[in-house]
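The values are calculated or read from the model by the stated rules, or taken from the named source; none is laboratory data. Since this is a predicted model, take the numbers as computed values, not measurements. Counting neighbours? That spans all protein chains shown, and the Cβs are built from the backbone with ideal geometry, glycine included.
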Amino acid sequence: METFFLIVYFIGIVSYGVSSAMTAIDRECDLFGVLFIAICTTFGGGMVRDVFLGIRPPLFFRDESLVDLAVCAGAALLVFLFAAAMKETFVRYEKQISRINNIADAIGIGAFAVYGTRVSIENGFTHPFIAVSMGLVTGIVGGIIRDLCLNDVPFVMRKRVYAVAVVAGAVVYYVLAVSLSLGEIVATIAGILTTFGLRILATVFKWNIPVAIRFSKLEVASPGAKPRKAPIVPNRKQRKK
């Protein structure tokens, strides 16, 4: 059982390391920036979770975490070297690479949502609200840190039912593993697939949580008033202007 969860944990590390490295490369970060963003994204949510749960020191600062750090940095470094060696290919197939990034991110948040929920339960915080909340924190806080470091509006706050997918996966895991006692493996796979499926479906069908006002789509209300632009994340061409 522990081996299975170790595999799930490292799937999350590799997925987040790859997706965050791709995002950092798209923002033209150097090697240090790519590695820094990958590490913050991968382990930031877990560290915040451990602080909330009173785990001291956080799991990231223990000796065995050196392997986790090496795996994350290695995955990010491979992406960086591939992008550096295959610049034209990387740019030419940007849309396809963006899809790969989205898939890797969906796998990562699914694995970490389940893992964070399990860590909460293992440390005696078995109340469903707390356990699911820790799954949410583990799944999304790293991405928030990544986006803030890259001067973006956090993706979780603007698109693709990101947080809802994480909560759904954590809830499915908790219900199957704790409430129904169907087994950790079944609950883990179901939780990850729930989050992954919702994220991919949200991307394909462009599902978004309602926004109060989309300023970019509003017409000018009064004569002479200038239209207000909605805050957007600039793409590569816009950043060069």
### Query
Quick check, is Ile130 surrounded by fewer than 21 Cβ atoms within 10 Å (Cβ to Cβ) and closer than 25 Å to Val175 by Cα?
yes
### Task
Return the total of residues in region 170-185 being farther than 14 Å from His127 by Cα and either among the basic types (Lys, Arg) or touching a residue at least 24 places away in the same chain (Cβ under 8 Å) (or both).
2
### Query
Just one of Gly139, Gly197 is out of contact with any Asp or Glu (no Cβ under 9 Å at 6 or more places or on another chain), buried (at least 24 other Cβ atoms within 10 Å of the Cβ) and either of a type outside the set (Ser, Thr, Tyr) or outside any helix (DSSP H, G or I) (or both); which is it?
Gly139
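Each row is one residue, and each column tells you yes or no for (1) in contact with a Ser or Thr (Cβ under 9 Å, 6 or more places away or on another chain); (2) at pLDDT 90 or above; (3) of a type in the set (Lys, Arg); (4) farther than 17 Å from Val156 by Cα.
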| site | (1), (2), (3), (4) |
| --- | --- |
| Tyr173 | yes, yes, no, yes |
| Val186 | no, yes, no, yes |
| Gly191 | yes, yes, no, yes |
| Lys206 | no, no, yes, no |
| Ile209 | no, no, no, no |
| Ile213 | no, no, no, yes |
| Leu218 | no, no, no, yes |
| Pro223 | no, no, no, yes |
### Query
Which numbered condition trips up Gly169, out of (1) modelled with pLDDT under 95; (2) over 12 Å from the mean Cα position of the chain (by Cα); (3) small (Gly, Ala, Ser)?
(1)
#### Entry: Selected residue [under 21 Å from Leu148 (Cβ atoms) and either of a type in the set (Lys, Arg) or at pLDDT 95 or above (or both)] from Gly108, Gly45, Gly12, Gly74
Gly45
### Task
Can you give me the number of residues within region 61-80 that are crowded, with 16+ Cβ neighbours inside 10 Å, aromatic (Phe, Trp, Tyr) and within 26 Å of Ala131 (Cβ to Cβ)?
0
### Query
Among the listed residues Ile103, Ile145, which satisfies the condition of being under 14 Å from the mean Cα position of the chain (by Cα) and more than 17 Å from Gly46 (Cβ to Cβ)?
Ile103
#### Entry: Asp30 vs. criteria over 20 Å from Ala111 (Cα atoms), modelled with pLDDT of 90 or more and touching a Ser or Thr at 6+ places or on another chain (Cβ under 9 Å)
no
### Task
Among the residues of region 145-185, count how many are over 22 Å from Val211 (Cβ atoms), of a type in the set (Gly, Ala, Ser) and surrounded by fewer than 21 Cβ atoms within 10 Å (Cβ to Cβ).
3
### Query
Using beta carbons and a limit of 6 Å, which pairs, at least six apart or on different chains, have the first residue in region 120-131 and free of Cβ contacts under 8 Å to residues at least 60 places away in the same chain and under 14 Å from Gly46 (Cα atoms) and the second one part of a helix (DSSP H, G or I) and not β-branched (Val, Ile, Thr)?
Ala131/Ser120; Ala131/Tyr174
### Message
Anything in region 11-36 that is surrounded by fewer than 16 Cβ atoms within 10 Å (Cβ to Cβ) and aromatic (Phe, Trp, Tyr)? List them, or say none.
### Response
Phe32
### Task
Read through the list (1) among the polar types (S, T, N, Q); (2) under 13 Å from Ile109 (Cα atoms); (3) not in a helix (DSSP H, G or I), then give the number of the only condition that Ser181 fails.
(2)
### Number of positions in region 19-32 that are out of contact with any Gly (no Cβ under 7 Å at 6 or more places or on another chain), within 16 Å of Ile144 (Cα to Cα) and of a type outside the set (D, E, K, R)
4
### Criterion (within 12 Å of Arg49 (Cβ to Cβ) and either of a type in the set (Lys, Arg) or surrounded by 19 or more Cβ atoms within 10 Å (Cβ to Cβ) (or both)) met by exactly one of Thr188, Thr117
Thr117
